[in-house]
Structure formats: C-alpha cells, structure tokens
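Structure, as structure tokens:
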Amino acid sequence: MTKTVLKRQFITDAAGNPIGVILPLEEFALVEEILEQQPQTLSEADKLNQMERAAHDPLFMADLRETMSAFAAVDAEWWEQTY
C-alpha cells in the first residue's frame, strides 16, 4: 500500500512570482492561530477608498477589461441564444 504525501504547493501569478501557498493541514495547524490574529475586515471607509483607487489602477482596469471580455463571450454563448 502506498502512502500519500502532501507537500506545500506554491501558487504563482502569470509571471511566475509566488503569490500564495497551499499547506497540508498539519502545517496549517501550526500557523492558524497567528493567521486568525490578523485584521480580517476593513472599515466601510477603507473599502470605499480601495474601490475609488481601483478605478485609477491600470493593472486592475486591465484585469477588469479582460474579465468582462471573457464574460461577454460566455454570456453570448449561454444566455443570448435564439431558439
């Protein structure tokens, strides 16, 4: 019988830069308490401020345009069909 071995899995962006990690549960248990101590929510004012800044962020706007373009294609395939 073979044993499954879980290892850390790094998540990278399109440029190959590490942006996240998937941990086995045993390793997550070691850091869970520390992670829960981090502030979880922003104030309403902070959220609004982030939304206002996003409209002027070229990377956000490029991602938004790409996403909207992809959704337009899918929307046309699934919802705008004439029978």
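Points worth noting:
- Against the numbered list (1) surrounded by 10 or more Cβ atoms within 10 Å (Cβ to Cβ); (2) out of contact with any helix residue (DSSP H, G or I) (no Cβ under 9 Å at 6 or more places or on another chain); (3) not in a helix (DSSP H, G or I), Gln50 comes up short only at (3).
- Inter-residue pairs, beta-carbon under 8 Å, first surrounded by 10 or more Cβ atoms within 10 Å (Cβ to Cβ) and in segment 19-39, second part of a helix (DSSP H, G or I) and of a type in the set (A, V, I, L, M), 6+ apart: Leu23/Val31
- Here Asp63 meets the list (1) touching a helix residue (DSSP H, G or I) at 6+ places or on another chain (Cβ under 8 Å); (2) closer than 28 Å to Ala15 by Cα almost entirely, failing just condition (1).
- Count - residues of segment 19-30 that are more than 27 Å from Ala62 (Cβ to Cβ) and either assigned to a helix (DSSP H, G or I) or in contact with a Phe, Trp or Tyr (Cβ under 7 Å, 6 or more places away or on another chain) (or both): 6
- Residues in segment 31-47 that are part of a helix (DSSP H, G or I) and under 18 Å from the mean Cα position of the chain (by Cα): Leu35, Lys47.
- Just so you know, in segment 1-18 the residues that are of a type in the set (S, T, N, Q) and either exposed (fewer than 10 other Cβ atoms within 10 Å of the Cβ) or over 16 Å from the mean Cα position of the chain (by Cα) (or both) include one that is nearest to Asp63 (Cα to Cα), and it is Asn17.
Every number here is computed from the coordinates shown, using simple stated rules; none is lab data. Quick caveat, the model's predicted, so the values are computed rather than measured. As a convention, Cβ positions derive from the backbone with ideal geometry for all residues, glycine included, and neighbour counts pool all protein chains shown.
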